[in-house]
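Derivation of every value follows stated rules applied to the coordinates shown; laboratory data play no part. Just so we're clear, the structure is a prediction, and the values are computed from it rather than from any experiment.
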Amino acid sequence: MICSHGPCLINESAGITAGVCGIDVDAMAIRKFLLQNAMGAVLAKLTEGVFVC
């Protein structure tokens, strides 16, 4: 969970185009993308010297 307000439930067909904090769909997608990349980089750095045979 990224937000302290809980998960965003954006439904454009119902007219809800932003979350509680004002974030829209595009900003939510890029935030998730950047977070996943950062976590992947940290994981890669942590397991850099570990060899599995």
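What the table shows:
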{"quantity": "Acute angle (nearest 10 degrees) that the helix 25-46 long axis makes with the longest principal axis of the chain, alpha-carbon atoms", "calculated": "10 degrees"}
{"quantity": "Hz values of 3J(HN,Hα) by residue in the range 3-20 - Karplus curve (6.51, -1.76, 1.60), Gly and Pro given as x", "calculated": "9, 7, 8, x, x, 7, 10, 8, 10, 5, 5, 8, x, 8, 10, 8, x, 4"}
{"quantity": "Convex hull volume per residue in cubic angstrom - Cα atoms of the chain", "calculated": "106 Å³"}
{"quantity": "CD proxy at 222 nm, helix term only [per DSSP H run n ≥ 4: -39500 (n - 2.57); per residue of the chain; nearest 500]", "calculated": "-14500 deg cm²/dmol"}
